[in-house]
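For reference, the structure discussed in these notes is given below.
The values are calculated or read from the model by the stated rules, or taken from the named source; none is laboratory data. Everything numeric in this text was worked out from a predicted model, so none of it was measured. For neighbour counting, all protein chains shown are included, and Cβ atoms are generated from backbone atoms with ideal geometry for every residue, glycine included.
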């Protein structure tokens, strides 16, 4: 049963408004389905969009942010729970513990790092939670091609490649997680 979903996403909006619109749809839909949101605790970019939409729909929003980012005044103090931790490593561990599944929206290095860490944890059997890319407008197409290339080159096992679920819409993502 999925009680909480960790969302990995950018602290920027990106150039295509569909990224923010999809983040808002995801936050709102999670709240409507009574699924809590676990995210990086920020009040900027796609992170803000998903959190604000969930809150507006009376959802539970759990943020986890390292002190260094609180000091930069990007912490969202209006969410259900805000956990301030000492390091990025602690942040990821706490998010992983609180989540029953993971969804990555468009993002940059931080999003990629979080995504690949939970994938690595799953290949090491440290968890068996679903990990998904929300491939908005093909944002992750080239990454998916690269992962297939890694399989072809014998550096990523096909079984490991299959761990990563892919959805193109919020509805498809949540259907995959809740079936």
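Every residue, every condition in (1) over 15 Å from residue 165 (Cβ atoms); (2) surrounded by 15 or more Cβ atoms within 10 Å (Cβ to Cβ); (3) at pLDDT 95 or above; (4) under 10 Å from the mean Cα position of the chain (by Cα), yes or no:
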{"residue": "102", "(1), (2), (3), (4)": "no, yes, yes, yes"}
{"residue": "107", "(1), (2), (3), (4)": "yes, yes, yes, yes"}
{"residue": "111", "(1), (2), (3), (4)": "yes, yes, yes, yes"}
{"residue": "115", "(1), (2), (3), (4)": "no, yes, yes, yes"}
{"residue": "118", "(1), (2), (3), (4)": "no, yes, yes, no"}
{"residue": "127", "(1), (2), (3), (4)": "no, yes, yes, no"}
{"residue": "130", "(1), (2), (3), (4)": "no, yes, yes, no"}
{"residue": "133", "(1), (2), (3), (4)": "no, yes, yes, yes"}
{"residue": "137", "(1), (2), (3), (4)": "yes, no, yes, no"}
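Is at least one residue of region 68-75 more than 17 Å from the chain's Cα centre (by Cα), touching a residue at least 60 places away in the same chain (Cβ under 8 Å) and closer than 22 Å to residue 27 by Cβ?
Yes, the conditions are met somewhere in region 68-75.
Taking only region 146-166 into account, find how many residues are out of contact with any helix residue (DSSP H, G or I) (no Cβ under 7 Å at 6 or more places or on another chain) and closer than 24 Å to residue 7 by Cβ.
2
Every residue in region 98-123 that is farther than 16 Å from residue 63 by Cβ and in a helix (DSSP H, G or I), please.
Matches in region 98-123: 109, 112, 113, 115, 116, 117, 118, 119, 120, 121, 122, 123.
Being surrounded by 14 or more Cβ atoms within 10 Å (Cβ to Cβ) and over 14 Å from the mean Cα position of the chain (by Cα) is the filter; apply it to region 170-179 and report the residue that is nearest to residue 17 (Cα to Cα).
Here the answer is 172.
So, restricting to helices (runs of 4 or more DSSP H) that lie completely within region 1-97, which ones have at least 1 residues that are buried (at least 23 other Cβ atoms within 10 Å of the Cβ)? Steps first, please.
Numbers: elements: 17-32, 45-56, 67-71.
The qualifying helices (runs of 4 or more DSSP H) are 17-32, 45-56.
Residues that are surrounded by fewer than 17 Cβ atoms within 10 Å (Cβ to Cβ), on the phi > 0 side of the Ramachandran plot and touching a residue at least 60 places away in the same chain (Cβ under 8 Å): does region 147-158 have at least one?
No: region 147-158 contains no residue that is surrounded by fewer than 17 Cβ atoms within 10 Å (Cβ to Cβ), on the phi > 0 side of the Ramachandran plot and touching a residue at least 60 places away in the same chain (Cβ under 8 Å).
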